[in-house]
Amino acid sequence: MTTLYIANKNYSSWSLRPWVLMRELNIPFEEQTRPLAEGSCWDTYRSFSPNGCVPCLHDGDRVVWESLAIVEYLAEQHGGIWPEDIEARTWARCAAAEMHAGFSSLRNDCPMSCGVRVQLNSISPALQHDLNRIDELWTEGLQRFGGPFLAGEAFCAVDAFFAPVAFRIQTFGLRLGDMANGYAQRLLDLETMRDWYAAALRETWRELNHDREILEAGVVTEDFRTTEQG
């Protein structure tokens with residue numbers, strides 16, 4: 001049995017990456033959700049994840065942590081994780097690694113919260129730099145490999161790595177070029193992404209640190225999350 005441990009769908013961008021990839025490629029797995037808690041999750045998450053973080057994949061006796069390592073582990077056993085064409089595969093790996101390691105201003109200034117809409121107080125030069133690079137990167141992939149996804153006709157790991165950016169664009173009303181904006185909407189329109197989003201709206205968990213970061217970033221103009229407490 002393959003089990004993927006994730007955190008709250010509303011907040012956890014890292015969890016989304018392997019989840020949407022496995023769903024899109026019809027790789028069966030059991031989902032285990034462990035909500036984020038105030039302060040450190042180290043003690044709770046260490047019971048299933050060596051680094052005390054999510055996502056974490058359990059495949060029988062094997063434990064794989066970190067989203068990039070999970071993707072590469074899956075690629076050893078399943079087709080379609082990366083493109084077959086070497087040029088597209090090389091580009092896709094570089095772009096995914098860049099996302100995994102970079103874009104800190106986007107992460108910090110626009111925390112992931114699927115269920116709200118936010119008017120940012122301002123866009124810093126560092127955030128604009130990240131947005132410009134994403135626009136450039138997405139446009140390059142779409143033009144070079146013909147779309148509709150970043151490395152060609154099929155959804156693959158590089159699209160999964162940028163899936164949380166599509167939610168951030170929706171939440172914060174971020175502006176990219178026409179081609180990049182169209183790609184972001186294409187991701188949001190995927191059935192798997194709609195499933196993730198619907199589940200995020202149904203969650204009753206609230207993590208005050210994440211919500212506080214949202215309020216520091218700007219003004220919440222809409223909140224679509226359930227108000228029922230479970």
field: the range 85-112, residues that are touching a strand residue (DSSP E or B) at 6+ places or on another chain (Cβ under 9 Å) and outside any helix (DSSP H, G or I)
entry: Asp85, Cys110
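Considering every residue within the range 133-152, establish whether at least one is in a loop (DSSP other than H, G, I, E, B), under 14 Å from the mean Cα position of the chain (by Cα) and either at pLDDT 95 or above or over 16 Å from Phe103 (Cβ atoms) (or both). Don't jump to the end; show me each part of the working.
In the first step, residues of the range 133-152 are kept if they are in a loop (DSSP other than H, G, I, E, B); the result is 146-148, 150-151.
Going one step further and asking which of them are under 14 Å from the mean Cα position of the chain (by Cα), we end up with none.
So far as the range 133-152 goes, no, none of its residues is in a loop (DSSP other than H, G, I, E, B), under 14 Å from the mean Cα position of the chain (by Cα) and either at pLDDT 95 or above or over 16 Å from Phe103 (Cβ atoms) (or both).
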- request: Output the residues belonging to the range 75-107 that are of a type in the set (A, V, I, L, M), surrounded by 13 or more Cβ atoms within 10 Å (Cβ to Cβ) and over 30 Å from Trp205 (Cα atoms).
  value: Ala75, Ile81, Ala88, Ala92, Ala95, Ala97
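Let's see how each residue does on (1) outside the structural domain of Ala37 (by TED's automatic domain parsing); (2) part of a helix (DSSP H, G or I); (3) under 21 Å from Cys110 (Cα atoms):
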| site | (1), (2), (3) |
| --- | --- |
| Phe162 | yes, yes, yes |
| Leu176 | yes, no, yes |
| Met179 | yes, yes, no |
| Leu188 | yes, yes, yes |
| Leu201 | yes, yes, yes |
| Arg206 | yes, no, yes |
| Asn209 | yes, yes, yes |
| Glu216 | yes, yes, yes |
| Glu222 | yes, no, yes |
message: Take the residues in the range 108-141 that are surrounded by fewer than 16 Cβ atoms within 10 Å (Cβ to Cβ) and charged (D, E, K, R); name whichever of them is farthest from Gly173 (Cα to Cα).
response: Glu140
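Matching residues to (1) farther than 21 Å from Ala160 by Cα; (2) in contact with a helix residue (DSSP H, G or I) (Cβ under 9 Å, 6 or more places away or on another chain); (3) touching a residue at least 12 places away in the same chain (Cβ under 8 Å):
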position	(1), (2), (3)
Thr44	yes, no, no
His58	no, no, yes
Asp61	yes, no, no
Val71	no, yes, yes
Glu76	no, no, no
Gly80	no, yes, yes
Pro83	no, yes, yes
Thr90	no, no, no
Arg93	no, yes, yes
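Restrict the check to the range 180-201 and report whether at least one residue is charged (D, E, K, R) and over 16 Å from the mean Cα position of the chain (by Cα).
Our first condition is that a residue be charged (D, E, K, R); within the range 180-201, this holds for 186, 189, 191, 194-195.
Now drop any that are not over 16 Å from the mean Cα position of the chain (by Cα), which leaves none.
No, because not a single residue in the range 180-201 is charged (D, E, K, R) and over 16 Å from the mean Cα position of the chain (by Cα).
Tell me yes or no: at least one residue of the range 135-158 is closer than 26 Å to Leu36 by Cα and among the hydrophobic types (A, V, I, L, M, F, W, C).
At the first step, the residues of the range 135-158 found to be closer than 26 Å to Leu36 by Cα are 157-158.
Of the ones still in play, those that are also among the hydrophobic types (A, V, I, L, M, F, W, C) are 157-158.
Yes, the range 135-158 has at least one match.
The values are calculated or read from the model by the stated rules, or taken from the named source; none is laboratory data. Bear in mind the structure is a predicted one, so any value in this text is a computation, not a measurement. Don't worry about glycine lacking a Cβ; one is built from the backbone with ideal geometry, like all the others, and counts go over all protein chains shown.
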